[in-house]
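Worksheet: the structure to be examined is printed underneath.
Laboratory data are not the source of any read-out in this text; all were calculated from the coordinates shown. All values derive from a computational prediction rather than experimental measurement. Cβ atoms come from the backbone with ideal geometry, glycine included; neighbour counts cover every protein chain shown.
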Amino acid sequence: MSNKIIVSEQLKHKLSRYLYMQFAEPLGTADTSIDAAWDYLHNRWQPKTVDILKKLAPPMIRWGGGFAAYYHWYEAVGPREKRIPIHNICWDGLFSNQVGTCELYELAKLLGSELLLNINYESEGSEFLAHPAPGIDRKGTAEEAADWIRYCNDPDNELRKSHGYKDPFNVKYWQIGNETGYVPTILPKITHEQNAKKAVEFIKVMRHADSSVKLIVWGDGPNEEWQKRYNEGKLNYWCQSVCEAVGDSAELVAFHNHFGIGEKYNHLTFNNYRKDFDLTFELLLEGVKDFEDRINYMRSSLKGFSQKIAMTEGHYAITGRHCGRLYSSWCTGLAYAKCCNILERNGDLIEIATLADFMGNCWQNNAVILPDSCWLAEKMPYLQPIGSIMGLFSQHMGEYALEASAPGKVDISASKSGDKLFLHLVNLDSANACKLELPAAENQQIKVWEISGNLDDEVNEGDPLIFEPEEFELESNIYTIPASGVAAIEIF
């Protein structure tokens, strides 16, 4: 069997720099994702948190999620003593609103990121989220969304200037709707026809505030039905309905790719996964198939429309995911690495994507774990396996995708910028290394960034750098990727 990696010279499609976006949402008592990262004593982002986030290097930060359905942006700007804490309806507890638009902009500047802001889309049609108690109104409007755009993007916006920001933030991407079509039996929401009609109304008002913004509409139906429809050859009617309604007035359509759901994944719940890591890895790869199938479902449904995809949330959704340790294990990281390659291979359609929930001190599907009291000297934030991989791949990725193939159980994606070739390799064989002949000429330089581990290796506070990439140069075009290894390679 040949051990050659074959890479086509023909450029396939341009790769978006937003394929490894991070999603931030204040998760209240479920996970102090923002509170644990904010230094309330000095009104700044925790320096140690910023240091670890620079390793992750997210190209985009999305603010919103379910929280957006009862968020009024204007309560979280201006003098701190005048900011209004709110009840975090989905996640419980209070959110202080000390982190708002300006603080997110400051974090984005520190990390070299862009912002994606999720507007309050009339509380997603939920009366409970709009009016959770007598006298409380959390329902957002199109005009409120437009005012937020003006606050961020209008060079002459007096309110932003009065808050100390003379120059505009120039936020390009805005999302209209978040999981609007999900779990209708729990929180009755709008229908796909209503979503399509309402999206048109919001787009008109928001574009009046800034015609240059890129708008993302919601285009996915109930979570429990997609797989059945896909297997029956049916299309996503939420996606088709909203795209038909908005035409070219919205650039992207959003969906969320939560995978690994169902009884067949029971072995992965809680600590059961530790009983048999070979079975655990087999099931995780089954989840990767679900992940790819759902992308194909969206691809089929978007045929004939101009919109690209924004996968604004995505990760395994195993029961017990909030506190279970499965996500800290290398077997999950290895499976996630294949998901990363799938995103790149579908980069002709996917413009925005993520595989983690950014940062927090509890949820294991975060890219970064912030230990309790992380301001203490001995408490160090650390990257989860998916955080290490996303940071590695996003910082060593070319501008254009290429067709590529690799021998054995090595999964590959390839890209190019100018004369520099980038390879992302994932050895899905947990027992055997794989010797590879790289597509490099004799006089070319080859740099490798490699992460290796056993399936049962886990990152934690006691061993926070276990999945730190090792950097080295090759003296020839022969590279042996270790068993269950991941590598980013640059050839130039």
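The distance separating the Cα centre of the stretch 109-185 from that of the stretch 413-436 comes to 40 Å.
Over all pairs of different C-alpha atoms, the stretch 56-187 has a mean inverse distance whose reciprocal, the Kirkwood radius, equals 15.5 Å.
Between the alpha-carbon centres of the stretch 230-253 and the stretch 276-326 there is a gap of 19 Å.
Percent relative contact order of the chain, based on C-alpha pairs within less than 8 angstrom and at least six residues apart? The normalised contact order for the chain reaches 17 percent. Phi angles across the stretch 380-387 convert, under the Karplus curve 6.51 cos²θ - 1.76 cosθ + 1.60 with θ = phi - 60°, into 3J(HN,Hα) values of 10, x, 8, 7, 6, x, 5, x Hz, Gly and Pro given as x. Give the residues of the stretch 2-45 whose amide nitrogen is closer than 15 Å to a point set 7 Å from the Cα of E437 in the direction of its Cβ. Correct set: 2-7. Listed options for Rg and Dmax of the Cα atoms in Å are (1) 23.0, 79; (2) 22.3, 74; (3) 21.1, 71. The value calculated from this structure is the one marked (2). For L27, the residues whose amide H sits under 5 Å from its own are S33, I34, ignoring neighbours fewer than 5 places away on the same chain, with H placed 1.01 Å from N. Hydrodynamic analysis of the stretch 8-73 uses the Kirkwood radius over alpha carbon pairs. Inserted into Stokes-Einstein at 20 °C and 1.002 mPa s, it gives a translational diffusion coefficient of 148 µm²/s. In terms of the mean number of neighbouring beta-carbon atoms within 10 Å, the peptides 117-123, 90-96, 413-419, 156-162 order highest first as 117-123, 413-419, 90-96, 156-162.
Going by a ≥ b ≥ c, the root eigenvalues of the Cα gyration tensor, does the stretch 403-491 fall in the rounded group (a/c under 1.5), the prolate group (a/b larger than b/c) or the oblate group? Here the stretch 403-491 falls in the prolate category.
Work out the count of Lys pairs in the stretch 403-491 where the Cα-Cα distance is under 19 Å, with the pair 8 or more places apart or on different chains.
Going through the stretch 403-491 pair by pair, I get 4.
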